[in-house]
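Note sheet for the following structure.
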Amino acid sequence: MRLLWATDLHLEFTDDFLFQRFLSLLASTPCDAIVLTGDISSGRSLKQHLLRLASAVKSTPVYVVLGNHDFYHSSFAQVGAVMDEVCATVEAPNLNELGHGEIIPLGEHSALIGHRGWGDGRGGLGIGSDVELNDFRLISDLHSDTKRQLFAKLKALGKASANYFRETLPKALAQYNHVWIATHVPPFECAAWHEGANSDPEYLPHFSNVSAGEAIREIAERYPEKRVTVLCGHTHSSGTAFPAPNIRVLTGGAVYGSPRIAAVLNPDDLAEWNAPGTHR
Ligand SMILES: [Fe+2]
Ligand SMILES: [Fe+2]
């Protein structure tokens, strides 16, 4: 079983030549399933990019969680409707959005779950941060009159992902030795890399999902003999973090305009635990 992972493709910044070249690379890389951990495109172009990607890899299942950029120039409800439509179309029978309770068997001993998550505003300086993301202007649900109102929305988004993992992760760990979690924002501050170091406390409120990390840690502690690997992106700098002995977080790197494969992983192979694939 080979799981191909890519993150932060940002196809909205990729010209057609490079997009086609990336699709050829995807189609010619041997794998049994593909997982994309968000920021695939922007709200306006997500549908056409996903349809082209899914059809390029033919029958290989593609599992998707969205990232903040996938909602740009749109809203949660509008993009949700787009995802329902593209995942139901006969043009892309292999396309699946994670986050609806599914536990996808990967190998004999491993399975995949996922939820997009969100930067929940709790990391680093919290509400004391003065960082202003484009998210707050370009996603209509995040338009807010006050900073307090905005941070309440971010906190609620993080909590929704935490609740999801509290519900789904125990079910997956009860059945499988190694559970892979796909999410967009690193769920631990220590996994929010920036050029080889931890992200600045100014950025950590938006580069980490503390609520989801609390949930994952709490549940993983109840299954010390089992393992959890988180695949995420968002910070565009790669790194591996071990927030607990049985939790590993792989954060994928990215460059705008240059989509890449983060790694091809063997989900059942625990020998890779300390040397995860070829991710950059
Ligand atoms: Fe991104
Ligand atoms: Fe992102």
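Here, each number is a calculation from the coordinates, and none is a lab measurement. Please read all numbers here as calculations on a predicted model, not as lab measurements. When we count neighbours, we look across all protein chains shown, and the Cβ atoms used for this are built from the backbone with ideal geometry, even at glycine.
Here V90 and F13 are evaluated by their C-beta separation; at R0 = 30 Å the FRET efficiency comes out at 0.55. Once C-alpha pairs closer than 8 Å and six or more residues apart are averaged by separation and normalised to the residue number of the chain, the relative contact order reads 23 percent. Each listed q (0.12, 0.14, 0.20 Å⁻¹) maps to a log10 I(q)/I(0) for region 42-136, found by the Debye formula over equal Cα scatterers with no solvent: -0.48, -0.63, -1.04. Between the amide H of L265 and those of L3, L4, W5, distances stay under 5 Å, these residues lying 5 or more places away or on another chain, with hydrogens modeled in the peptide plane. Using a cut-off of under 16 Å, list every residue of region 180-216 whose amide N is near the label point 7 Å from the Cα of E167 along the Cα-to-beta-carbon line. Those under the cut-off are 212, 215-216. Looking at the chain alone, DSSP beta bridges between its own residues are antiparallel in about 30 percent of cases.
For the pair D141 and S55, label points projected 7 Å from Cα toward Cβ lie 2.9 nm apart. Looking at region 102-196, the GluC sites (Glu not before Pro) that sit in a DSSP loop and have at most 12 other Cβ atoms within 10 Å of their own Cβ are E108, E132, E195. Projected label points at A27 and R217, each 7 Å from Cα along the beta carbon direction, are separated by 4.5 nanometres.
Comparing L66, L25, L173 in a Gaussian network model of the chain (Cα springs below 10 Å), the most mobile by mean-square fluctuation is L25. For region 103-117, backbone phi angles converted through the Karplus equation (6.51, -1.76, 1.60; θ = phi - 60°) give residue-by-residue couplings of 10, 9, x, 9, x, 5, 10, 9, 8, 10, 10, x, 8, 5, x Hz, Gly and Pro being listed as x. Springs between Cα atoms under 10 Å define the GNM used for the chain, and in it the highest mean-square fluctuation of A81, A54, A220 occurs at A81.
Across every direction, the projection of the convex hull enclosing the Cα atoms of the chain has a mean area of 13.0 nm².
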